[in-house]
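Okay, structure first, notes after.
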Amino acid sequence: ALILVVDDVEVNRRVIKDILQGTALEVLEAASGGNALEMMKTMLPDLIISDLRMPGMNGFELLGIIKSDLRLKSVPVIAYSASV
């Protein structure tokens, strides 16, 4: 399966990628919501893991765009925040 991790903090992306290391999953990273949308123009992930609090386009805005796109709306999204 192809997992897309979206977070503006590189360390957070790396933690998720490290957790999934050693599995049969392919993990791609995007540093912003805009970057994630660009990537999804050419590939369709099986799961998106996205931070909620990002500068520019936050995770809520990204989720709104994903769920309004006919091609992407069936892709499951796990939303999280590393912020307290």
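Only residues that are over 18 Å from Arg13 (Cα atoms) and of a type in the set (A, V, I, L, M, F, W, C): list them for the range 40-59, please.
If the condition is that a residue be over 18 Å from Arg13 (Cα atoms) and of a type in the set (A, V, I, L, M, F, W, C), then Met43, Leu44 are the ones that fit.
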Open item on the list: Residue pairs, Cβ under 9 Å, 6 or more apart or interchain, first in the range 30-45 and touching a residue at least 12 places away in the same chain (Cβ under 8 Å), second basic (Lys, Arg) and surrounded by fewer than 18 Cβ atoms within 10 Å (Cβ to Cβ). List them.
Closed with: Met40/Arg71; Leu44/Arg71
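Since every read-out is calculated from the coordinates, none of them should be taken as a lab result. Computed from a predicted model, the values in this text were never measured in an experiment. Positions of Cβ are generated from backbone atoms using ideal geometry, with glycine treated the same way; all protein chains shown enter the neighbour counts.
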